[in-house]
Amino acid sequence: QRKMRRTVPRSTLRKIIKKYKPQLRLAANADLLVHLNFLLFLHRLAEEARTNAFENKSKIIKPEHTISAAKVL
């Protein structure tokens, strides 16, 4: 039985970020987990704002949709 590692290798994190955000420039000493957590937060925020807009029968995501989504998250 192998023990599961609690940390992800830095190279794996860098590949994930480069795949989804190729325009993002990362310093050699950048904390990759902070970047990934931020990207995941933005993704969740966008999904929640889209849901709010849909519930309000709006075709455009407005600032109030994003603000209410941020309060939920």
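The values are calculated or read from the model by the stated rules, or taken from the named source; none is laboratory data. In this text the structure is predicted, and so the values were computed from the model without any measurement. Here Cβ is always computed from backbone atoms with ideal geometry, including for glycine, and neighbour counts include all displayed protein chains. Ligands, DNA and RNA are stripped out before the accessible areas are found, and what is left, the full protein with its side chains, is counted by its heavy atoms. Shrake-Rupley method; radii C 1.70, N 1.55, O 1.52, S 1.80 Å.
For the chain, give the percent of accessible area contributed by carbon and sulfur heavy atoms, probe 1.4 Å, rounded to a whole number.
Values: 3860 of 6560 Å².
Summing carbon and sulfur atoms, their accessible area is 59 percent of the total for the chain.
What number, rounded to the nearest 500 deg cm²/dmol, is the helix-based mean residue ellipticity at 222 nm of the chain, given -39500 (n - 2.57) per DSSP H run of at least four residues and division by all its residues?
Working: 3 runs with 45 residues, N = 73.
It lands at -20000 deg cm²/dmol.
Quick one: order His43, His65 from most to least accessible surface, probe 1.4 Å. Provide the component values of the computation, followed by the final result.
Numbers: His43 110, His65 10 Å².
So, going from the largest accessible area down, we get His43, His65.
Can you compute the FRET efficiency between Tyr20 and Ala70 using 1/(1 + (r/R0)^6), with r the Cβ-Cβ distance and R0 = 35 Å? Round to the nearest 0.05.
Values: r = 21 Å, r/R0 = 0.61.
E between Tyr20 and Ala70, to the nearest 0.05, is 0.95.
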Can you match Cα Rg over 2.2 N^0.38 Å to one of these, (1) 1.18; (2) 2.10; (3) 1.48, based on a calculation from the structure here?
(3)
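Quick check: with the 1.4 Å probe, what order do Arg10, Arg50 take by accessible area, largest first?
Working: Arg10 100, Arg50 125 Å².
Heavy-atom accessible area, descending, gives Arg50, Arg10.
To the nearest 20 debye, what is the magnitude of the charge dipole of the chain about its Cα centre, counting +1 on the Cβ of each Lys and Arg and -1 on the Cβ of each Asp and Glu?
Working: 17 positive and 5 negative charges, 120 e Å.
The calculated dipole for the chain is roughly 580 debye.
Probe of 1.4 angstrom, ligands and nucleic acids ignored: what's the accessible area per residue over the chain, in square angstrom? Write out the running numbers ahead of the final one.
Details: 6560 Å² over 73 residues.
Roughly 90 Å² per residue, with all protein chains present.
Please count, across the chain, the pairs of lysine residues with Cα atoms under 24 Å apart that sit 8 or more places apart or on different chains.
Numbers: Lys3/Lys15; Lys57/Lys71; Lys59/Lys71; Lys62/Lys71.
Close lysine pairs under the 24 Å cut-off: 4.
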Going by accessible area, probe 1.4 Å, with all protein chains left in place, what is the ranking of Lys59, Lys15, largest first?
Lys59, Lys15
